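Report on one structure; see the data block that follows.
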Amino acid sequence: MDSVKFGTSGLRGLAVDLQGQAARRYTAAFLRHLKGLGALVSDRVYLARDFRASSAAITADCAAAIEAHGLRPIDCGALPTPALALHAMAAQSPSIMITGSHIPADRNGLKFYTPSGEISKADEAGILAALRDEQIADAALPVAHEHVAAIERYVARFADLAPAGSLRGWRIGVFEHSTVARDILGAILHRAGAEIVPLGRVDGFVAVDTEAFGDAVFAPLKGWIASEKLDAIVSADGDGDRPLLMDKQGAFVRGDVLGLLAARYLGADAVVTPVTSNSAIEKTGFFPKVIRTKVGSPFVVAGIAEAIVGGASVVVGFEANGGTLLGTPALVGGGEISALPTRDAVLPLLSALALAARQGVNLAELVASLPLQFAASDRLEHVPGEKSTALLGRLADDADYAAAFFAPDHEIERLSQIDGLQFWTRAGEMVHFRASGNAPELRCYVESGSEAGARALLQWGLGAAAGALKELP
């Protein structure tokens, strides 16, 4: 269990460490925590999973722990995380998503949901406090299936977001790979009137990080735009809570831009987003209130609660990866879409496409109309957490070292430490380093006044960090 720990969104670790008793113990701890809160009002606990090789076995482990506590495990099969959350919350029941999201295939994880939604950081602490060194026997009872019902509920949620015919004339590719959202995405877009072109479906599992646009897995997309004469390509990560969108010119639409477009389409009067999202969101003037948080959906959920208490009527949260959370109901297309305060890939994709269609522009034109800084991001892989901590600690604590790190081309003006280190230069550019909470990676986010400037700054940031890491003991 050494590698198993809570990250930015859920429990993560090597699959070999999580599978078996570890998954059972954490599930048992989750249920004990809920019981202590008086939050177990149903005898059902819902389960779903992604397509990773280890996910089915870990699902069985979770079911064993649920049955050991006298509760009924309800198997929803391979399903997007937001679809599971929506279905379980409708039944006033907790749920567990077995997924490693976007991290490598040899890893996996558990995302826990209370009957009212995604767990908080306080819940994570409560689960850890309830964790015991115990042995839980294999499951003996059959598991019920609600796969079709969960899908139908999730698809129905978007009926008014992009009504039938609203995307007529759009030809959209669905990059299917191994995301559990692939069939659902195609069905929802087809119902809205779009012509759908399935692309790149694979058997097994391929890790897709929707923020790492330079990954080899995305290499075919621009060619598909041209060869298939597409207006856009859509996709999602492994568990369907982080979106991917490419416009007809072959340019990726950043996740924070997608979230911003969704918030506009939904008529938000408050948005909640981490510090990694574009720094110009406040300057747009689109939203009366903008709350910045640390990276991780639990922090965004807490910010949404703060905005609601503060009197906001339509609250949208989103992360730089594009995962969008709807904290309140919103009126759209003559109807209403219900609140679902957990990350969703379909919501921002459908909102951006519907907004472009409503304005009679393509996606590139829609994005170009936004007064944002040019941004880029990527990561250094296989960087142990202790290495990232050492480098970030030295940059934060040693002003002379930080100045030398950025010299001679970049002069530091100020530093923010809400999550990682966010350096602003006198030239008005931004470089943000933070350790991933989900994998051994050091992430780099940059902003500049031009697209070329952002690309150059990102290349410099990754190179400078790689060099500095090599020099560490």
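If you take all other residues with their beta carbon under 11 Å from the beta carbon of H69, and give Lys and Arg +1 and Asp and Glu -1, the sum is +2.
Considering all alpha-carbon pairs of the stretch 1-101, what whole percent are spaced by more than 23 angstrom? Above the 23 Å cut-off, the stretch 1-101 has 18 percent of its Cα pairs. Here the dipole of the chain is about 640 debye; that uses its Cα centre as origin and unit charges on the Cβ of Lys and Arg (positive) and Asp and Glu (negative).
Which percent of the Cα-Cα distances in the stretch 208-345 go past 18 Å?
That tail contains 55 percent of the Cα-Cα pairs.
Applied to the stretch 92-109, the Karplus parametrisation 6.51 cos²θ - 1.76 cosθ + 1.60 on θ = phi - 60° returns per-residue 3J(HN,Hα) values of 6, 10, x, 8, 9, 9, 8, 6, x, 6, 9, 7, x, 5, 7, 10, 7, x Hz, with x for Gly and Pro. Is the C-alpha gyration tensor of the stretch 44-110 telling us rounded, prolate or oblate? Criteria: a/c under 1.5 is rounded; beyond that, a/b larger than b/c is prolate, otherwise oblate. Oblate. So what is the 222 nm mean residue ellipticity for the chain from helices alone, if each DSSP H run of at least 4 adds -39500 (n - 2.57) and you divide by all residues, rounding to the nearest 500 deg cm²/dmol? Estimated from H runs of four or more residues: -11000 deg cm²/dmol.
Rounded to the nearest 20, the Cβ-based charge dipole of the stretch 39-121 about its Cα centre (Lys and Arg +1, Asp and Glu -1) stands at 140 debye.
Compactness of the stretch 331-400 was expressed as the Cα radius of gyration divided by 2.2 N^0.38 Å, which yields 1.83. Using 0.36 nm per residue and subtracting the Cα-Cα separation, the extra length available between V16 and A226 on full extension is 71.4 nm. Give the range of the longest stretch in the chain that excludes all trypsin sites (Lys or Arg not before Pro) found in loop regions by DSSP and having at most 15 other beta-carbon atoms within 10 Å. Between exposed loop sites, the widest span is 230-425. Taking the Cα centre of the stretch 303-446 as reference, the dipole from Cβ charges on Lys and Arg (+1) and Asp and Glu (-1) amounts to some 320 debye.
Give me the extension gain from E451 to R168: residue separation times 0.36 nm, minus the current Cα-Cα distance, reported in nm with one decimal.
On the way: separation 283, 0.36 × 283 = 101.88 nm, distance 3.18 nm.
Full extension from E451 to R168 adds 98.7 nm.
Stretching R153 away from D400 to a fully extended chain increases their span by 83.3 nm, per 0.36 nm per residue minus the current alpha-carbon distance. Which shape class, rounded, prolate or oblate, goes with the chain when its Cα gyration tensor gives a ≥ b ≥ c as root eigenvalues, a/c under 1.5 marks rounded, and past that a/b bigger than b/c marks prolate? It comes out oblate by the Cα gyration axes.
Based on protein heavy atoms only, the chain ends up with 38 Å² per residue of surface accessible to a 1.4 Å probe. Averaging Cα coordinates gives a centre for the stretch 188-208 and one for the stretch 107-136; these two points are 32 Å apart. Between D160 and K5, the modelled label-to-label distance comes to 4.4 nm, taking each label 7 Å out from Cα in the direction of the beta carbon.
For the chain, averaging the sequence separation of C-alpha pairs within contact (under 8 Å, six or more residues apart) and dividing by the residue count gives a relative contact order of 13 percent.
Using a cut-off of 13 Å between beta-carbons, work out the net charge of the residues near D133 (Lys and Arg +1, Asp and Glu -1, D133 not included). Numbers along the way, then the final one.
On the way: positive: R24, R25, R132; negative: E134.
Local charge sum for D133: +2.
Short-range pairs are left out: with C-alpha atoms under 8 Å and at least six residues apart, the relative contact order of the stretch 125-270 is 20 percent.
Leaving out ligands, DNA and RNA, what percent of the accessible area of the chain is carbon and sulfur, probe 1.4 Å?
Values: 9340 of 17760 Å².
Here carbon and sulfur together make up 53 percent of the probe-accessible area.
Quick check on my link table: of K5/K35; K283/K387; K294/K387; K111/K229, which ones sit more than 26 Å apart, alpha carbon to alpha carbon? Kindly include the intermediate steps, with their values, before the conclusion.
Details: K5/K35 22 Å; K283/K387 35 Å; K294/K387 21 Å; K111/K229 38 Å.
Flagged as over cut-off: K283/K387; K111/K229.
The values are calculated or read from the model by the stated rules, or taken from the named source; none is laboratory data. Worth saying up front: this structure is predicted, and the values here are computed from it rather than measured. In this analysis, Cβ positions are derived from the backbone assuming ideal geometry, glycine residues included, and neighbour counts consider all displayed protein chains. Note: areas computed on protein heavy atoms with side chains; ligands, DNA, RNA excluded. Shrake-Rupley method; radii C 1.70, N 1.55, O 1.52, S 1.80 Å.
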